[in-house]
Amino acid sequence: MEKFARLVSMAPLFLLFCLPLAFAGHDYNQALSKSILFFEAQRSGYLPHNQRVTWRANSGLNDGKASGVDLVGGYYDAGDNVKFGLPMAFTITMMSWSIIEYGKQMAASGELGHAMDAIKWGTDYLIKAHPEPNVLYGEVGDGNTDHYCWQRPEDMTTDRRAYKIDPSNPGSDLAGETAAAMAAASMVFRHSNPAYASELLRHAHQLFDFADRYRGKYDSSITVAQKYYRSVSGYNDELLWAAAWLYQATNNQYYLNYLGKNGDSMGGTGWGMTEFGWDVKYAGVQTLVAKFLMQGKAGHYAPVFERYQQKAEYFMCSCLGKGTRNAQKTPGGLIFRQRWNNMQFVTSASFLATVYSDYLASVGRRTMRCSSGNVGPSELLSFAKSQVDYILGDNPRATSYMVGYGNNYPRQVHHRASSIVSYKVDSRFVTCRGGYATWFSRKASDPNLLVGAIVGGPDAYDNFADERDNYEQTEPATYNNAPLLGILARLGGGHGEYNQLLPVVVPAPQQKVTPAPQQKTTPQPKVTPAPASTSAPIAIEQKMTTSWIANGKTYYRYSTIVTNKSSKDLKNLKLSVSKLYGPLWGLTKSGDSYSLPSWLNSLAAGKSLEFVYIHSASAADVSVSSYTLA
């Protein structure tokens, strides 16, 4: 396997304390918004009324028709117009994992609804692609004819044949990844749309059984995929990956047993990996099983699960440059695995490091043993942050590899839809080869800005050529962005205490509701002004939890606990925070005051809420401005 990059080492104790201040270097919430928006540019099918990328139009409206199945919808994988099932399913799995871990942070930034919409656009298609228990359509269109043409999706005249797997032509890797995507997504919708979540789980169970019973590599059945998404790792990793997601989604002991009984024979406990992506899932499986172990769910499989965890930590150590086989990195510090779309491995590895950092912190484990020294959770998170910061512009070229973020980003993206004038601006037909002559060869910025796209990125020496024909570096992909959603939400949420081992509850996305005119006959909740922090129904307790010195200045971290001491639900809470000279996490800024975070509608009787802030002064003045008891 290829090597990964070495992290510049820093004192772990200093990192633990300085991270919140370092987070301020980039607007991670803005980057999160843009990275989600990119998925709307990749949509195929009938676009919805709330489509925000307005230069796109309907496309692929006859997909599946020749095969007697409706395959309209889904995502184009990258800069072409093919719908490849394996990377699409992996994209959905990773977006779902991002929400499962950091949905509350996404809700606080106002992006949870958009992220869930992005997942559902994909799962709606995957449901269509699975019309029978043992049939799964894994590709629409083919790369050879598609790449011969340079056309907008709205104009494409290329072959839109649909390709499937079935018992006679199996594809355990494709079916396994799709089962994982359905299971992970079911957790996202479990509370907001339980009927849909149940439907996703039904498909996931069927797909896992199909994948496990009829073994085979999908690209031996869908041979047109071999040139573009060859399954090098085989299918054992996807079977374990699907089992891990089905166990997390259902707590069904069958899937835990599957992981325990097959971990050794299928490579889950044997492969020490230095990559994670749409093809090779072992590091992801190992990270999830390590989570189950830390949750105390391993039972008599604990010895097996400990071997999974050892390999998970092998991966983490390799990313940090402290393992027996370490990451190659560019002089600027970026993980480098390959010339073609290297950034996919950067975002996926950074995501695993982020969640594993939080898993370790959740169980109070201070260190992870690597061959060249111990590593703390903060060092893993700092590594992930360094990779994200590089992507956003902290690199030798001062180039943002997210289109539309910052001032210096790629302008000639290898992407058919963005490089050709919008169908809504000029509906004249763009021919197959005419697109190359008129638009592909054009040495100018794209007419449509592909906001949020993560392109392939620089070479091994941090060099990058912003040229449309430089597909290795300027082509984006959905699976570049998907893992990034979780990391950006985590970094944008600050340095709060996250217990990632607790049961997952994805908050319902907040919808903007226009209040109805008040009727005089309707009694309104009493809003009680309460200027003092010791207001009877509400207790506020502050304490300084740590301090450190940076650049000759002393900083303090304060934890503030707000407790509802009444016997009713506390709603519409407004807090006044004065004499605050630094960042605050855990509340929503509302004008001159602060309110409950957007994912929390009310504070139940007897419950408490914590928020934290950092500055170089004594404790801020926190008081209650108003509230409602209902």
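Overview of values
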| read-out | value |
| --- | --- |
| Residue among G272, G267 that alone is under 19 Å from N374 (Cα atoms), touching a residue at least 12 places away in the same chain (Cβ under 8 Å) and either surrounded by fewer than 24 Cβ atoms within 10 Å (Cβ to Cβ) or not polar (S, T, N, Q) (or both) | G272 |
| Matching residues in segment 404-435 - criterion: being within 25 Å of L32 (Cβ to Cβ), among the small types (G, A, S) and in a loop (DSSP other than H, G, I, E, B) | G404, G406 |
| Cβ-Cβ under 7 Å pairs, at least 6 apart or on other chains, segment 426-437 side within 20 Å of R56 (Cβ to Cβ), far side surrounded by 12 or more Cβ atoms within 10 Å (Cβ to Cβ) and aliphatic (A, V, I, L, M) | V430/I420; G435/I420 |
| Residue among S109, S172, S98 that alone is farther than 18 Å from A204 by Cβ and buried (at least 24 other Cβ atoms within 10 Å of the Cβ) | S98 |
| Qualifying positions in segment 277-312 - crowded, with 21+ Cβ neighbours inside 10 Å and among the hydroxyl-bearing types (S, T, Y) | Y282, T287, Y308 |
| Qualifying residue in segment 198-220 (condition: surrounded by fewer than 20 Cβ atoms within 10 Å (Cβ to Cβ), farther than 21 Å from V82 by Cα, assigned by TED's automatic domain parsing to the domain that holds Y258 and among the small types (G, A, S)) | yes |
| Filter result (of a type in the set (S, T, N, Q), part of a helix (DSSP H, G or I) and modelled with pLDDT of 95 or more) within segment 98-151 | S98, Q105, T123 |
| Test: D159 is touching a residue at least 12 places away in the same chain (Cβ under 8 Å), over 25 Å from the mean Cα position of the chain (by Cα) and surrounded by 18 or more Cβ atoms within 10 Å (Cβ to Cβ) | no |
| Residue list for segment 454-494, filter: farther than 30 Å from W439 by Cβ and assigned to a loop (DSSP other than H, G, I, E, B) | A460, Y461, G493, G494 |
| Unique match (being of a type in the set (A, V, I, L, M) and within 23 Å of the chain's Cα centre (by Cα)) among V425, V430, V451, V421 | V451 |
| Members of segment 200-227 that are outside any loop (DSSP other than H, G, I, E, B) and basic (K, R) | R202, R213 |
| Qualifying position, being crowded, with 24+ Cβ neighbours inside 10 Å and either assigned by TED's automatic domain parsing to the domain that holds V289 or in contact with a strand residue (DSSP E or B) (Cβ under 9 Å, 6 or more places away or on another chain) (or both), among M402, M368 | M402 |
| The listed residue being surrounded by 16 or more Cβ atoms within 10 Å (Cβ to Cβ), assigned by TED's automatic domain parsing to the domain that holds P476 and touching a strand residue (DSSP E or B) at 6+ places or on another chain (Cβ under 8 Å), out of V430, V413, V355, V388 | V413 |
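Rundown of residues vs (1) of a type outside the set (A, V, I, L, M); (2) touching a helix residue (DSSP H, G or I) at 6+ places or on another chain (Cβ under 9 Å), yes/no style:
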residue: Y125; (1), (2): yes, yes
residue: K128; (1), (2): yes, no
residue: P133; (1), (2): yes, yes
residue: T145; (1), (2): yes, no
residue: R161; (1), (2): yes, yes
residue: D166; (1), (2): yes, yes
residue: S172; (1), (2): yes, yes
residue: A180; (1), (2): no, yes
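The values are calculated or read from the model by the stated rules, or taken from the named source; none is laboratory data. Note that this is a predicted model, so its numbers are computed, not measured. Backbone-built Cβ (ideal geometry, glycine too); neighbour counts: all protein chains shown.
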